[in-house]
Each structure stands twice: as structure tokens, then as C-alpha cells.
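Student: One structure coming up, written as C-alpha cells, with questions to follow.
The values are calculated or read from the model by the stated rules, or taken from the named source; none is laboratory data. These numbers come from a predicted model, not from an experiment. Cβ placement follows ideal geometry from the backbone for every residue including glycine, while neighbour counts extend to all protein chains displayed.
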Number of protein chains: 2
Amino acid sequence: MYDDRPHLEALEKGTPQTGNRLLADVSLPAAVVHEAPLAHNLAWMQRFCESHGARLAPHGKTTMCPSLFQRQLAEGAWGITLATASQCRAAFAHGVQRLLMANQLIGEANMAIVAELIEAGADFYCVVDSVANVDQLVRYFTARDLRLQVLIELGVPGGRCGCRDTDEVMALAERIDSEQALVLAGLEGYEGVVHGNDPERAVRAYAWQLVEAAQALDKDALIESPEPLITASGSAWYDLIAEVFREARLGPQFAPVLRPGCYVVHDHGIYRQAQHEILERRPELERGLQPALEVFAQVQSLPEPGLAIVGLGKRDIGHDQLPEPLRRYREGDERRRPLPVAGWRVTKLMDQHAFVRLAEEEEEPGSANGRVRVGDIVAFGASHPCLTFDKWRRICRVDERLEVIEVMPTFF
Amino acid sequence: MYDDRPHLEALEKGTPQTGNRLLADVSLPAAVVHEAPLAHNLAWMQRFCESHGARLAPHGKTTMCPSLFQRQLAEGAWGITLATASQCRAAFAHGVQRLLMANQLIGEANMAIVAELIEAGADFYCVVDSVANVDQLVRYFTARDLRLQVLIELGVPGGRCGCRDTDEVMALAERIDSEQALVLAGLEGYEGVVHGNDPERAVRAYAWQLVEAAQALDKDALIESPEPLITASGSAWYDLIAEVFREARLGPQFAPVLRPGCYVVHDHGIYRQAQHEILERRPELERGLQPALEVFAQVQSLPEPGLAIVGLGKRDIGHDQLPEPLRRYREGDERRRPLPVAGWRVTKLMDQHAFVRLAEEEEEPGSANGRVRVGDIVAFGASHPCLTFDKWRRICRVDERLEVIEVMPTFF
């Protein structure tokens, strides 16, 4: 029988290794990040933030991939945003010192994780939106003799977490002010849950509300941190948040921090559409983000005219929207010649299979040059990269020759 | 900075350890399998198969959890079914000797994985449905000087993979018969893609079609394996497949193999409904399967009357259907007293958050005894266990006191 211990890391999907050729050596399906668009996106967003006088703390929950966190930090990111205590621990263990947990810290087991990080030297922030949670945090961190940096979350009626108005924010700030265990370090919001008939206008109004609430905290001297923050923005409206924060001339009182996550690999769905709208609003922005994440899978059966069954399923790719066939290759093709998939359409996704309806002229699949064959490799794009990354424990970073230049582990 | 190496395994979600109390020590959210219904389900399905004269090769893709594979084998399972070469490798490395890959083996990198398994002593089977794939397998396994056991897949028009009729099956069998590298070991089907106005009737008809195709192969002496198999069944129609295989009196020619997967933890959605229908068809079957898999998560905000935001998202639980709140506990409650969630309803699931609409009488959440509080722990059920297991690298197996009795790794 196998001795499993030495191979344990390689026992999940795939066994990519540096130097592997994607079209010949890698067990498919495999998740692939292309280096050229990745490098472009990293630089693009850093430049965008700097040109708006904002710091970048990319949301790390998107990828949970420390190799990408290191690329983001090397590019100039101020810190990494995360969603849970476990995510913060994984990031810190891989060299991320500044952790912005854009979420409430709930439960003693999670508080224990964060206490360890603070003791180990992390610059950690989380958000609060209720007296109940403040009381829990005070009890725990007082007992641990630690101080916790918190941002008050301002939400919107009908939204997700967060105080519902500035009065609630001020009352909570006063409560925090009276507690030795907590350090109020600023204000946090998330415009992704703002709705309205005119979402652009609603997002701007919300950004201004954040600014005003932050200024009110400052005016009442309720901020204790010497370097207070104001932070918002997901991946769809960061341009509006950045604009308002710039127009507000926050000056030395508040450092604006933007937190987009999906930009790093962009996508072929909702964020492509969002980016399209951003470039319409801001035509002066240069060539925008580029999709960098794909999943490669193989045609496994051509059982009927016009139908290909591909070895790609809900286990392998985000499925908020059905994935999109982008290109096709012949397995082992040294020239990596892309073959057409015009008219191909995923019509159904099961756990491990995709149903792909072929274009009409391919109704008679065969071995003629270029015609689809069993074993052909198809590159798929997806909407919403977060839910593709979390399907993989290892991501292949590839160069333009489709050779694996790095096998990047993830820590979901 | 942290030394990350020794902790690397514990750097993803959660850090459950044996002996941890689920309501006090475990970082939530966490995936939980309850021992009592698990043990019941393991025994129930084994007994079901034996009483129908069938072997059980549970689909392992559901859980990809070797601890559960070992429980299934210890209960009497004949082997484990899997969907991909990587899954087969993971199962074999953890002690599963007999691997039924109910899928085509596509791509040289995947064939290389299987060749290694066969060389290491695995009893491996996969399915074929095309001459193109047969040719690829023959080329590869001839070069490796190995013989590969294959089952021909019989599908249905409009279905997924598989030959579309018995003529195709017979032609493919003759092709396989002429190849030294391949050993024809029987016939495979999957009734889960059979549709029709009367699905029960359609599934029965399909099962009979499988029987007839198998008998035709036998009659023409095209089966080479000394122990030929006929295999079908997912988790929704296994009773009908088992009945037809029993009625067909396959005798020594074919060993029937059933492959349900979800039974091991059952569910709170589509399979609960399917089981309900099975027990209506077969009232003589004893007390049926019981849901054993839940995800525990904490209330993180109560921002508005009637709304709880819970730290549970698409990253944590299957979301083909919205998850169902089952019970609630107070964090740290040593008595583990279940509190009501009557009328609670998940209305939206984001990556890391669930929106839970509370019952009307809880419109004014507060600290009164039993009223929902920030930090309360909610147990959720989901539909389709496959897509909950794959969200977790570690599953907590707990006893009736909600203490962790095993931390079960998964290998997706």
C-alpha cells in the first residue's frame, strides 16, 4: 500500500509542478492564473489607489492565496483585508503583518485566534456594530490584557451588518471610548449592499454619509487611534468611493483605505460588467482590468451531435452564472494553437460535468482538423472569482507559453 | 513572525481538535457530522444492498473523506466509487484498494495517475463510451505495458455521457475485445440523468435496458473479466435499480453494484425528498436515512428588527437551495439546550454571510431568555451534501454531547 504521508499535499485535485506544460503534463481540470494580466491588474489597481490618495488593502478572501498577497504587498498594498479570524491567521502566518478584518469578530474561539495574532505582533483591525458585540470583546480582551483596534461599521437600512445611522455610530463610539480594551480606529462601510433605482447616486450618497460620520467622530474626539482610517469599497464601485474620499479632502484626520478584491484576477462575468461601467464613468482611466483566471478542462464525451460533455463541474468553477468557453486546444499541442469555440455554450453544470452545446457547424464532430475531439482542452471563464478560487487547493500560475511557473497553494 | 510550517495544516478554516466542545472551543463556522445518524445510515444502506443481493460501492466524491470511506468499507462496502483520477489516487493512498471510477479516463496526465495506482496494486475500473477514448487508452496503457479494466457506459438520448443504444455498446465491446490493453469488465449506467413525464417508469425501463445490454454482451462472450459487473444508481433512485437488478436474476454472470453516495450523511433538501418518495414506494423498508451533516455558525449582527446576519456563506455550505436553520444554542451553554428557530428563514446568502429573516415574535431581539443574541450559534441544514463537504478541509465528527470525537480531513 501507498505510504501516504510524504504525498499528502498532492493528494487532492491535480499535481501541477513548476515547469509542467498545461496542455500535456497537468492533470485536468486545473485552475489557472495567467501571469501577464495578473501583473497588469496588480499594477493598475495600485496606481488607481495612489492617484486618488488612497491606501489599498485588497480583500484577501477572494483568493486566500498567500503568493498573491505577497504580490499585492510588493506592489505597494498597505495591508490585506480578510473576512474571518481563520483567514487572518492564514494570512499572518504567511507574512501579512497588517490585517483589516472587514467583519465583526464573534465567538470566543475566534477571539482567541485574534488575541494570538495581536500577541505575535499583527497590526489587526476588525469592525463592530453593536453594544452586545462590544461587551463581548471587552470581556474577552480585558481578560487577555490586550487592546483591540476596532472600526465602527456604518451600514444602510435593508443592508447587511452595520449601524443604521450616524446616531447609532456616535452612541457606539461613546461606549467604546469608555472601554480600555478597545481602541476606536475609524469607520468602515461596504457599499456593495447599497441598493436603489439609481445605484450610482445611492453609492455616492452612502460614501458621503461615511465621510460625515467619520468627521462627526473626529469632531467629538472619539477616535483614539493616532492613525485613523475610513474604509469602504468592494470590486464594483471602488471608483465612486475613491472619488468621494478624494473630494472630501479628509486631510490628516483619516487615511482612506480601499478594499477591492476581485481586481487581482478580474472575471468574465459580473465584474467585467462592473468594470465596463467604471470605464464609462471614468474614460480617462487607462486600459482597464483584464481577466486572468481560467479553468482548463477536457472534453470527455461527444455522445450526440452538437453536445460535448466536459470534465468540469460545480466542484471546479464558480457557478453563480454558467461558465463561458473561451478557447480550445488539442492535448499535447506544442504550438498551443487556440482552436475556436464560437457558438459554444454551457447549458448545464453538474458536480463534475459540464454540458456544452456546440455551434451548429459542429453538429457532426469528427477528427477533421480543428473539429472537436474527445480529449480536447477547453479554457473556461467564470463570473465572480471568489467562488472559483475556493474550489482549489492549488492554483497554476502560467506564462504565455502555458507553462506552470508557480504552484500557488490556497488556504480556505 | 510566525513559524508557519508546523501549523500549516491548521491554517485554513477552523482548528477543531478531538475533545473540543462545539459550542465553546471550535472556531465557527464549522462543518459537523453527527455520529448517531451517520452510524445509522452506514448500516441502513449496507443492509439495503445485501437484502437485494447487490454490492455497495458508495460514491466517494460526495465526501472525499477517507475516514468515512473506512467506515463504509468496515460496514461491508465492496469498494469506493469515485469521479476522477485524482480522487482515486486520494482514496487509494488512504487504504481503498478497489476503485470504481464511474467516469471516462481522459488525458495522459490522468492516465499516468491511474497507471501508477494499477502498478501499486489497485483493483481499478473506469468507464468508456467512445472509440476515440478507447484508442487513447489503448495507446497509453500499451506503452505502459498495463491492462485496464473498463466498463462500457450506456447512457440515454438527451442524457450525459454514455453510448446511446445497445448497438453502440456492442460495437464498442467488439473494439475493446480486439485490444490487449483493455479488459471489458461489464456495463455501467447512471439513472440520475434519465428524464420523462413518469420518471419512476423511465428509470425502471432504463434499468432493464442495462440488464439487456449486459446480457447481450455476455451472450456474445465479449466480457473478458472473470467477475463481470453491472452497476448503476445515484442517491435518488437506488431502490428501483436494486429491484430491477434483483428481479433480473443476473445469477453468476453479473455482480450488481450500487453506487449511492449521499446516503452517508443524507441531507435536508433534495435527498430528503427523494428518500420520502422511496419510503412511499417501499413502505416495508425500515426507518430510513437520517440527516447527519450540519454547519454551525454564529449570529454576527442583529442590525434591524426581524433580521439576523449570520457568519455563514457560500464558502461554507451548499447553496443549490438556501440553507435551513434547524436549531440554535447559546455560546458556551454547558447544557447544550436547543433554542427555537421556528419561522426563521434564510433569504439571501453571500460569500461569507447569511441573511436570516426571524419569526415575527422576534422582531424585537433582546437579551430576554431565549431571545436571539449576537453570538448565538445556529445549526443549518443544506440540500445536496456533495456541495457542502467540498467547502471544508476538515469536518468535525461529534457525539450527542456535541463534543468533537474526530477531526476528519477531506481531499478535494
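Student: How many of the residues making up region A:181-216 are assigned to a helix (DSSP H, G or I) and not β-branched (Val, Ile, Thr)? It would help to see each step written out before you state the result.
Tutor: In the first step, residues of region A:181-216 are kept if they are assigned to a helix (DSSP H, G or I); the result is A:191-193, A:199-216.
With not β-branched (Val, Ile, Thr) added as a condition, the list becomes A:191-192, A:199-202, A:204-210, A:212-216.
Of the residues in that region, 18 qualify.
Student: Checking residue A:165 against (1) in the same structural domain as residue A:213 (by TED's automatic domain parsing); (2) touching a helix residue (DSSP H, G or I) at 6+ places or on another chain (Cβ under 9 Å); (3) under 21 Å from residue B:13 (Cβ atoms): exactly one of these is not met. Which one?
Tutor: With (1) in the same structural domain as residue A:213 (by TED's automatic domain parsing); (2) touching a helix residue (DSSP H, G or I) at 6+ places or on another chain (Cβ under 9 Å); (3) under 21 Å from residue B:13 (Cβ atoms) applied to residue A:165, the lone miss is (3).
Student: On the basis of being on the phi < 0 side of the Ramachandran plot, part of a loop (DSSP other than H, G, I, E, B) and away from every other protein chain (no Cβ under 11 Å), does residue B:44 make the cut?
Tutor: Working: on the phi < 0 side of the Ramachandran plot: yes; part of a loop (DSSP other than H, G, I, E, B): no; away from every other protein chain (no Cβ under 11 Å): yes.
Taking the combined requirement at face value, the residue does not satisfy it.
Student: Moving on. Just name the residue that is farthest from residue A:321 (Cα to Cα) out of those in region A:255-284 that are outside any helix (DSSP H, G or I) and at pLDDT below 95.
Tutor: Taking region A:255-284 first, the residues outside any helix (DSSP H, G or I) are A:255-261, A:265-269, A:282-284.
Next, only the ones that are at pLDDT below 95 stay: A:267-269, A:282-284.
Values: A:267: 12, A:268: 10, A:269: 8, A:282: 27, A:283: 28, A:284: 30 Å.
Only one residue tops the list, namely A:284.
Student: Same structure, new question: Of all residues in region B:370-402, how many are under 26 Å from residue A:136 (Cβ atoms) and away from chain A (no Cβ under 14 Å)?
Tutor: Number of matching residues: 5.
Student: Hey, can you tell me all the residues within region B:92-135 that are assigned to a loop (DSSP other than H, G, I, E, B), over 16 Å from residue B:146 (Cα atoms) and of a type outside the set (Val, Ile, Thr)? So that I can check it myself, show each step before the final result.
Tutor: Quick first cut of region B:92-135, residues assigned to a loop (DSSP other than H, G, I, E, B) only: B:94-97, B:105-107, B:120-122, B:129-130.
Among the residues that remain, those that are also over 16 Å from residue B:146 (Cα atoms) are: B:94-97, B:106-107, B:129-130.
Within region B:92-135, B:94, B:95, B:97, B:107, B:129, B:130 qualify.
Student: Give region B:110-123 a look and list any residue that's of a type outside the set (S, T, N, Q), within 25 Å of the chain's Cα centre (by Cα) and facing chain A (nearest Cβ under 7 Å), or say none.
Tutor: The answer is B:113, and nothing else.
Student: Residues to consider are A:87, A:70, A:17; find the one that is of a type outside the set (Asp, Glu), touching a Gly at 6+ places or on another chain (Cβ under 8 Å) and either surrounded by fewer than 23 Cβ atoms within 10 Å (Cβ to Cβ) or not in a helix (DSSP H, G or I) (or both).
Tutor: Values: A:87 fails: either surrounded by fewer than 23 Cβ atoms within 10 Å (Cβ to Cβ) or not in a helix (DSSP H, G or I) (or both); A:17 fails: touching a Gly at 6+ places or on another chain (Cβ under 8 Å).
Result: A:70 is the single residue among A:87, A:70, A:17 that is of a type outside the set (Asp, Glu), touching a Gly at 6+ places or on another chain (Cβ under 8 Å) and either surrounded by fewer than 23 Cβ atoms within 10 Å (Cβ to Cβ) or not in a helix (DSSP H, G or I) (or both).
Student: Taking residue A:289 and the conditions (1) crowded, with 16+ Cβ neighbours inside 10 Å; (2) touching a strand residue (DSSP E or B) at 6+ places or on another chain (Cβ under 7 Å); (3) away from every other protein chain (no Cβ under 12 Å), which numbered condition does it fall short on, given that it satisfies the others?
Tutor: The number of the failed condition is (2).
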